[in-house]
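The values are calculated or read from the model by the stated rules, or taken from the named source; none is laboratory data. Everything numeric in this text was worked out from a predicted model, so none of it was measured. Heads up, the Cβs are rebuilt from the backbone with ideal geometry, glycines too, and the neighbour counts pull from every protein chain shown. Side chains are part of the model used for accessible areas, which takes the heavy atoms of the whole protein and leaves out ligands, DNA and RNA. Shrake-Rupley method; radii C 1.70, N 1.55, O 1.52, S 1.80 Å.
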Amino acid sequence: RGQFGRDPGRALLKRPEELNALTLSMVETIDAQLAEWTSNPDVTGVTLRGAGGEAFCAGIDQRALYDALADGDRDYGANFFRSFYRLLHRLGTYRKPTVAIMHGATMGGGAALAMQCKIRVATRETYFAVPECKLGFFPDGAVAEALARCPGQLGMFLALTGVALRARGLVHAKLATHLVPEDRIALVTPALVGQLAVTPAQSPLAEIETHVNQIFGLSSPEEIMGILSVRSGEWAKATLGQLKPQSPTSLMATFRRLREAQGAQAKPLEQALATDFRVSQHLIDGPDFREGIRAFVIGGDQKPAWHPADLAGVTPAAIDALFGPVSPIPEWTPAD
């Protein structure tokens, strides 16, 4: 468990039995290896892959975090996100080309890892999603900045609903830079990826983009759900159905975070990660994160009891507090 295999310039996340979910030890090992490769002249670029064929990385090890919190080990939550965001900052500012091969499940923290790579390769087996609102959390690790670069309001749609994308959708949404056939991914390097890539067919996202821009450009999750509830058509009904089970607090926090990222004053990476560290620490201290993990990861009843139970109960002051200092926990910086 928690293994990380590597050869010069090629990193393999080796925890296939857990869909390569990230542990603290994996994060620290990857970060140390990237630091070593920075000054290695034999390494001209870095390629990240997942072992086992089913996943690039399905996110962070939520069970480990849940268990640590349940055992009273609050330091684990701070240490994990502090180290994970340090890794993301290193990737996002790396001086050499970086490639993420998003073959299989690429979700949550795995999406954050991939989004900090300059070259993001999808395959026809890619399953990309940011389902954190369903788990009482939010798309963290500067994923908001990546989603903000999607055309129109596709990023907001993906963040609030947790809808998954396949390869064509990822390229359309500008979250993947290349589509490479599965039998070629072992050959991918920063220098060769352009020669190995193929042109995807048109994505089904193009058919709903007008609706997405109209609805998810509204001024609040309440307005979005209100309009969807009176709209006719299968898309409106299905989309409302995807929003209803989400944590109200997570929806409100995610909406604010995406709007900030979409704005003219969007944060540079260091500031984005510092903000996400604050929000992450507040949310793991709140009731919805533990309840989401219990309902969807551990207990499996898929019937979370959110607190507050609806959007009307989430006050602006409560959301402001999520973005505020987390004292006595020190603020995050890349040099931690």
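The residues of region 238-260 that are open to solvent by 10 Å² or more (accessible area, probe 1.4 Å), part of a helix (DSSP H, G or I) and either basic (Lys, Arg) or touching a residue at least 60 places away in the same chain (Cβ under 8 Å) (or both), listed by number, are GLN242, THR249, MET252, PHE255, ARG256, ARG259, GLU260. Within region 275-314, if we keep just the residues that are of a type in the set (Phe, Trp, Tyr) and either more than 19 Å from GLN242 (Cβ to Cβ) or touching an Asp or Glu at 6+ places or on another chain (Cβ under 7 Å) (or both), the residue that is surrounded by the fewest Cβ atoms within 10 Å (Cβ to Cβ) turns out to be TRP306. Applying the criterion of being among the acidic types (Asp, Glu) and not in a helix (DSSP H, G or I) to the residues of region 5-58, the residue that is farthest from ALA111 (Cα to Cα) is ASP42. Of all the criteria given as (1) more than 21 Å from GLU207 (Cα to Cα); (2) at pLDDT 95 or above, the one not satisfied by ALA129 is (1).
Here is a yes/no grid of residues against (1) within 27 Å of ASP288 (Cβ to Cβ); (2) open to solvent by 50 Å² or more (accessible area, probe 1.4 Å); (3) free of Cβ contacts under 8 Å to residues at least 24 places away in the same chain:
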{"residue": "THR44", "(1), (2), (3)": "no, yes, no"}
{"residue": "ALA51", "(1), (2), (3)": "no, no, no"}
{"residue": "LEU65", "(1), (2), (3)": "yes, no, no"}
{"residue": "LEU69", "(1), (2), (3)": "yes, no, no"}
{"residue": "PHE84", "(1), (2), (3)": "yes, no, no"}
{"residue": "ARG90", "(1), (2), (3)": "no, yes, no"}
{"residue": "TYR94", "(1), (2), (3)": "no, no, no"}
{"residue": "HIS103", "(1), (2), (3)": "no, no, no"}
{"residue": "ALA112", "(1), (2), (3)": "yes, no, no"}
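The listed residues are PRO190, PRO200, and the only one of them that is in contact with a Lys or Arg (Cβ under 6 Å, 6 or more places away or on another chain), open to solvent by 30 Å² or more (accessible area, probe 1.4 Å) and of a type outside the set (S, T, N, Q) turns out to be PRO200. For region 78-125, residues that are closer than 18 Å to LEU196 by Cα and assigned to a helix (DSSP H, G or I) total 0.
Are any residues in region 162-184 open to solvent by less than 10 Å² (accessible area, probe 1.4 Å) and either in a helix (DSSP H, G or I) or free of Cβ contacts under 8 Å to residues at least 40 places away in the same chain (or both), and if so, which ones? ALA167, GLY169, LEU170, ALA173, listed by residue number. Taking region 290-319 as the range and being of a type in the set (Lys, Arg) and either out of contact with any helix residue (DSSP H, G or I) (no Cβ under 7 Å at 6 or more places or on another chain) or without any contact (Cβ under 8 Å) to a residue 40 or more places away in the chain (or both) as the test, the residues that pass are ARG294, LYS303.
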